[in-house]
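Below is one structure, written out as structure tokens; the observations come after it.
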Amino acid sequence: MAVVSTYVNAAGTPVTNLQAAASLMYVVRILLVFLVAHRGFVAGMATSGLK
């Protein structure tokens, strides 16, 4: 049974531009969530007294 991946071409070599685009899309989502919630993280640390 052959494993099918969408990030390789017909010859079986990796398509690096698709891999880079997929990883960028993954990282951007996480970064956006962090940037939106950053103010809450800092406020929570300031009010809890943690150093």
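A few points about this structure:
- Residues whose amide H lies under 5 Å from that of V15, counting only those 5 or more places away or on a different chain, are V8, N9; hydrogens are built 1.01 Å from N in the peptide plane.
- Between helix 16-48 and the chain: long-axis angle, C-alpha atoms, 0 to 90°, nearest 10: 10
- Here A43 and T16 are evaluated by their C-beta separation; at R0 = 25 Å the FRET efficiency comes out at 0.05.
- Its residue count N fixes a reference of 2.2 N^0.38 Å for the chain, and the Cα radius of gyration divided by that reference is 2.00.
Any read-out appearing in this document is the output of simple, stated calculations on the displayed coordinates, not a laboratory observation. Quick caveat: nothing in here was measured; it's all calculated off a predicted structure. Cβ sites come from the backbone with ideal geometry, for glycine too, and all protein chains shown count toward neighbours.
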